[in-house]
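Reading through the C-alpha coordinates given below for one structure.
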Amino acid sequence: MVTANRKERISCDIHKVWETVVDIAQYHTWRSDLSKTEIVNESKFIEYTKEGYATTFTVTMVEPYKRWEFDMENRNMKGHWIGIFTPKETETQIDFTENIIPKKWFMKPFVKSYLKKQQKQFVLDLKKALE
(Lines give C-alpha, C1' and ligand atoms only; values in the text may rest on other atoms or scores of the structure.)
Protein backbone atom coordinates (compact mmCIF):
# COMPACT_ATOMS: atom_id res chain seq x y z
CA MET A 1 0.00 0.00 0.00
CA VAL A 2 1.15 3.52 -0.81
CA THR A 3 0.10 6.46 1.38
CA ALA A 4 0.15 10.17 0.55
CA ASN A 5 -0.97 13.00 2.82
CA ARG A 6 -1.53 16.71 2.31
CA LYS A 7 -2.28 19.04 5.20
CA GLU A 8 -2.87 22.74 4.57
CA ARG A 9 -4.69 25.78 5.82
CA ILE A 10 -7.13 27.52 3.53
CA SER A 11 -8.12 31.14 4.11
CA CYS A 12 -11.83 30.44 4.03
CA ASP A 13 -14.70 29.50 6.32
CA ILE A 14 -15.09 25.75 6.93
CA HIS A 15 -18.68 25.77 5.63
CA LYS A 16 -17.64 27.12 2.23
CA VAL A 17 -14.65 24.73 2.00
CA TRP A 18 -16.80 21.72 2.93
CA GLU A 19 -19.64 22.63 0.58
CA THR A 20 -17.22 23.08 -2.32
CA VAL A 21 -15.39 19.79 -1.71
CA VAL A 22 -18.52 17.65 -1.34
CA ASP A 23 -20.44 19.26 -4.24
CA ILE A 24 -19.40 16.58 -6.72
CA ALA A 25 -21.76 17.82 -9.45
CA GLN A 26 -19.74 21.05 -9.66
CA TYR A 27 -16.26 19.50 -9.82
CA HIS A 28 -16.06 20.10 -13.57
CA THR A 29 -16.34 23.87 -12.93
CA TRP A 30 -13.19 24.12 -10.80
CA ARG A 31 -11.15 20.91 -11.04
CA SER A 32 -8.53 21.38 -13.76
CA ASP A 33 -7.95 17.63 -14.13
CA LEU A 34 -11.56 16.56 -14.81
CA SER A 35 -13.87 16.71 -17.79
CA LYS A 36 -17.00 15.58 -15.91
CA THR A 37 -18.44 13.74 -12.95
CA GLU A 38 -21.34 11.33 -12.97
CA ILE A 39 -23.42 10.88 -9.83
CA VAL A 40 -24.64 7.27 -9.73
CA ASN A 41 -26.52 7.56 -6.42
CA GLU A 42 -26.09 9.34 -3.07
CA SER A 43 -23.04 7.27 -2.16
CA LYS A 44 -21.42 6.55 -5.54
CA PHE A 45 -19.94 8.80 -8.21
CA ILE A 46 -17.53 8.56 -11.14
CA GLU A 47 -14.88 11.10 -12.09
CA TYR A 48 -13.62 11.33 -15.66
CA THR A 49 -10.24 12.84 -16.45
CA LYS A 50 -9.85 15.13 -19.45
CA GLU A 51 -8.61 12.02 -21.31
CA GLY A 52 -11.82 10.14 -20.42
CA TYR A 53 -10.26 7.86 -17.78
CA ALA A 54 -12.89 6.87 -15.18
CA THR A 55 -12.48 6.33 -11.44
CA THR A 56 -15.39 5.14 -9.31
CA PHE A 57 -15.83 6.47 -5.77
CA THR A 58 -18.03 5.02 -3.03
CA VAL A 59 -18.63 7.27 -0.03
CA THR A 60 -18.10 5.34 3.21
CA MET A 61 -18.37 8.07 5.86
CA VAL A 62 -19.81 11.57 6.12
CA GLU A 63 -19.53 13.74 9.23
CA PRO A 64 -20.64 17.15 7.91
CA TYR A 65 -17.96 19.85 8.24
CA LYS A 66 -15.59 17.34 9.86
CA ARG A 67 -14.84 14.19 7.87
CA TRP A 68 -15.51 12.70 4.45
CA GLU A 69 -14.25 9.27 3.37
CA PHE A 70 -14.59 7.13 0.31
CA ASP A 71 -13.24 4.06 -1.44
CA MET A 72 -11.97 4.52 -4.98
CA GLU A 73 -11.14 2.17 -7.81
CA ASN A 74 -10.18 2.17 -11.46
CA ARG A 75 -8.39 -0.34 -13.66
CA ASN A 76 -4.95 0.63 -12.25
CA MET A 77 -5.59 1.02 -8.52
CA LYS A 78 -7.93 0.74 -5.58
CA GLY A 79 -7.80 2.58 -2.31
CA HIS A 80 -9.33 4.77 0.35
CA TRP A 81 -9.40 8.56 0.83
CA ILE A 82 -9.90 10.39 4.13
CA GLY A 83 -10.59 14.11 4.30
CA ILE A 84 -10.55 15.84 7.68
CA PHE A 85 -11.75 19.45 7.96
CA THR A 86 -10.91 21.54 11.04
CA PRO A 87 -11.91 25.17 11.69
CA LYS A 88 -8.97 27.39 12.70
CA GLU A 89 -10.30 30.88 13.50
CA THR A 90 -11.12 32.36 10.05
CA GLU A 91 -9.35 29.54 8.21
CA THR A 92 -9.95 25.86 7.56
CA GLN A 93 -7.31 23.18 7.97
CA ILE A 94 -7.66 20.33 5.53
CA ASP A 95 -5.93 17.01 6.06
CA PHE A 96 -6.28 14.66 3.08
CA THR A 97 -4.87 11.12 3.16
CA GLU A 98 -4.95 8.56 0.35
CA ASN A 99 -4.06 4.90 0.77
CA ILE A 100 -3.65 3.22 -2.61
CA ILE A 101 -2.91 -0.30 -3.75
CA PRO A 102 -1.67 -0.42 -7.36
CA LYS A 103 -3.20 -3.26 -9.38
CA LYS A 104 -0.12 -3.55 -11.59
CA TRP A 105 3.19 -4.29 -9.87
CA PHE A 106 5.24 -2.12 -12.24
CA MET A 107 3.24 0.98 -11.23
CA LYS A 108 4.21 0.83 -7.55
CA PRO A 109 7.39 2.99 -7.85
CA PHE A 110 5.39 5.81 -9.50
CA VAL A 111 2.24 5.84 -7.36
CA LYS A 112 3.46 8.02 -4.47
CA SER A 113 4.74 10.82 -6.71
CA TYR A 114 1.54 10.66 -8.78
CA LEU A 115 -0.63 10.91 -5.64
CA LYS A 116 1.35 13.86 -4.31
CA LYS A 117 0.99 15.64 -7.65
CA GLN A 118 -2.78 14.97 -7.70
CA GLN A 119 -3.22 16.18 -4.11
CA LYS A 120 -1.25 19.36 -4.80
CA GLN A 121 -3.35 20.12 -7.90
CA PHE A 122 -6.61 19.44 -6.04
CA VAL A 123 -5.65 21.91 -3.29
CA LEU A 124 -4.49 24.54 -5.79
CA ASP A 125 -7.75 24.21 -7.72
CA LEU A 126 -9.76 24.32 -4.48
CA LYS A 127 -8.05 27.49 -3.30
CA LYS A 128 -8.66 29.14 -6.68
CA ALA A 129 -12.35 28.13 -6.58
CA LEU A 130 -12.71 29.65 -3.12
CA GLU A 131 -11.18 33.04 -4.03
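The values are calculated or read from the model by the stated rules, or taken from the named source; none is laboratory data. Note that this is a predicted model, so its numbers are computed, not measured. Quick reminder, even Gly has a Cβ in these numbers, built from the backbone with ideal geometry, and neighbours come from all protein chains shown. Only protein heavy atoms, including side chains, enter the accessible area calculation; ligands, DNA and RNA are left aside. Shrake-Rupley method; radii C 1.70, N 1.55, O 1.52, S 1.80 Å.
Just a few scattered comments:
Conditions tested, residue by residue: (1) assigned to a strand (DSSP E or B); (2) surrounded by 14 or more Cβ atoms within 10 Å (Cβ to Cβ); (3) under 11 Å from the mean Cα position of the chain (by Cα).
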site: Gln26; (1), (2), (3): no, no, no
site: Glu47; (1), (2), (3): yes, yes, yes
site: Gly52; (1), (2), (3): no, no, no
site: Thr60; (1), (2), (3): yes, no, no
site: Trp81; (1), (2), (3): yes, yes, yes
site: Glu98; (1), (2), (3): yes, yes, yes
site: Pro109; (1), (2), (3): no, no, no
site: Lys117; (1), (2), (3): no, no, no
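- Among the residues of region 34-45, the ones that are open to solvent by 40 Å² or more (accessible area, probe 1.4 Å), under 15 Å from Val21 (Cα atoms) and of a type in the set (Ser, Thr, Tyr) come to 1 in all.
- Filter result for Ile84 (at pLDDT 90 or above, in contact with a strand residue (DSSP E or B) (Cβ under 7 Å, 6 or more places away or on another chain), more than 19 Å from Tyr27 (Cβ to Cβ) and β-branched (Val, Ile, Thr)): yes
- Whichever residue in region 62-78 is surrounded by 15 or more Cβ atoms within 10 Å (Cβ to Cβ) and of a type in the set (A, V, I, L, M) and, among such residues, is nearest to Lys104 (Cα to Cα): Met77
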